[in-house]
Amino acid sequence: MHCQCLVFFLPEYQPVGPVHEKGLLAPEAQLLDAPKLVGFINGLVSLPKYGLSECEWWRGLGEWNARYALPDHPNEGRFSCDQAADFNPDTLAVPYRLRWVPSKWGGDTNILGAKATDVISELEILLTGGRLYSANRKVIETAYIDTVALGGMNPDETALRVAQQLFAMTPEFQITNKLVDGLKQPEIRNITEISLPTDPPPTTDYKAIVYLFLNGGMDSFSVLIPHSNCNPSDLYQQYQDVRGDVAIDKSLLLPINVTAGTQPCNTFGVHPSLTTVKNLYDAGEASFVANIAPLVVPLTKDEYHDQIKEQPPALFAHNTQTRVTQ
């Protein structure tokens with residue numbers, strides 16, 4: 001059986017920038033863009049501090065309590081993010097955390113007084129296969145020493161956590177080749193320089209439709225509302241009767257006008273917070289398209305009830321229609 005589930009990279013893909021300029025290929029860059037790369041580094045930096053939890057940077061982000069459903073674990077329970085991040089021996093520690101300690105410590109704490117160089121040497125073998133660049137090693141060793149000097153509760157454990165965080169941000173942790181200093185050492189291989197094509201002249205008459213898919217985050221009946229000059233009935237009053245307590249008072253709406261006779265009302269009201277949208281509409285730079293939904297073929301209400309034409313799957317099911325619309 002042949003699986004195509006992971007064959008989604010274009011093997012010849014070249015991201016814009018130094019990789020392209022050197023004539024190199026980076027298929028994985030199709031997915032590992034800047035936001036995902038930052039998120040990945042944030043996760044690696046959080047792991048030594050919080051363990052595998054829902055805690056995130058800083059207070060106010062993520063879950064205040066991280067849940068661990070481990071009925072067969074003595075530490076099963078609910079733990080606050082502050083609790084997950086401390087090394088207080090009197091505090092119940094979270095189960096999913098990094099428990100590795102250097103052998104030079106002689107135990108769970110640094111009872112043998114291991115030096116920073118010994119600790120970083122073990123981490124270098126474990127995390128970078130002995131490929132840590134000398135300048136990066138110096139930075140991590142200095143951070144370890146400075147953290148221990150700050151004292152506090154279990155300073156060596158705190159320093160180890162800092163070192164692990166810094167290791168996760170080094171290039172050597174992310175790659176398998178040896179890092180060299182391009183200013184002091186020659187390049188490992190010669191790469192033919194290529195010239196980039198000249199940028200075409202700017203296009204001034206280009207127009208595009210920007211589609212913002214607000215996944216359930218907007219109440220459309222509070223965005224565009226019948227206001228006045230409606231025919232044949234008072235549609236604002238109808239809106240107010242149906243919406244009840246959530247109806248927006250007419251005096252608060254931002255009025256916009258339409259060509260007379262083209263819509264049920266000649267004046268509509270825009271939500272009072274959408275001043276920019278109203279200004280764009282008044283300037284002829286924005287428009288409203290209301291009462292739309294996925295369709296396979298044009299369909300009337302009677303044809304829908306009689307089931308005589310093909311319809312989109314699971315009409316009125318919010319999750320299915322979300323996928324169909326996308």
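Given the C-alpha atoms of the stretch 268-326, compute the convex hull and give its volume per residue in Å³.
So the per-residue Cα hull volume is 143 Å³.
Find the accessible area per residue for the stretch 226-326; the probe is 1.4 Å, ligands and nucleic acids are left out, and the unit is Å².
Counting only protein heavy atoms, the per-residue value for the stretch 226-326 is 71 Å².
Of 278/301; 104/138; 49/115; 207/278, which pairs sit farther than 29 Å apart, going by alpha carbon to alpha carbon?
278/301, as the Cα separations exceed 29 Å there.
What is the extension gain from residue 326 to residue 233, computed as 0.36 nm multiplied by their sequence separation minus the C-alpha to C-alpha distance, in nm to one decimal?
Stretched fully, the residue 326-residue 233 segment lengthens by 29.9 nm.
In units of 2.2 N^0.38 Å, what is the alpha-carbon radius of gyration of the stretch 197-270?
1.64
Between the DSSP loop rule and a limit of at most 13 other Cβ atoms within 10 Å, which GluC sites (Glu not before Pro) in the stretch 232-326 are left?
285, 310
Expressed in nm to one decimal, what extension gain is obtained for the pair residue 288 and residue 302 from 0.36 nm per residue of sequence separation less their Cα-Cα distance?
2.4 nm
Share of the stretch 266-326's accessible area from carbon and sulfur, percent, 1.4 Å?
The nonpolar share, carbon plus sulfur, comes to 54 percent.
List the residues whose amide H sits under 5 Å from the amide H of residue 274, counting only those 5 or more places along or on another chain, with H placed 1.01 Å from N in the peptide plane.
When sequence neighbours closer than 5 places are left aside, there are no close amide H contacts.
Note down the nm distance, to one decimal, between modelled labels 7 Å out along Cα→Cβ at residue 117 and at residue 33.
About 4.7 nm, to one decimal.
Can you figure out the FRET efficiency of residue 44 with residue 145, using R₀ = 22 Å and their beta-carbon distance, to the nearest 0.05?
0.45
Give or take rounding to whole Å, what are the principal axis extents of the alpha carbon atoms in the stretch 96-171, in descending order?
31, 25, 23
The values are calculated or read from the model by the stated rules, or taken from the named source; none is laboratory data. Note that the coordinates shown come from a computational prediction; the quantities given were computed from them, not determined experimentally. Counting neighbours? That spans all protein chains shown, and the Cβs are built from the backbone with ideal geometry, glycine included. What goes into the accessible areas is simple: the full protein's heavy atoms, side chains included, and nothing from ligands, DNA or RNA. Shrake-Rupley method; radii C 1.70, N 1.55, O 1.52, S 1.80 Å.
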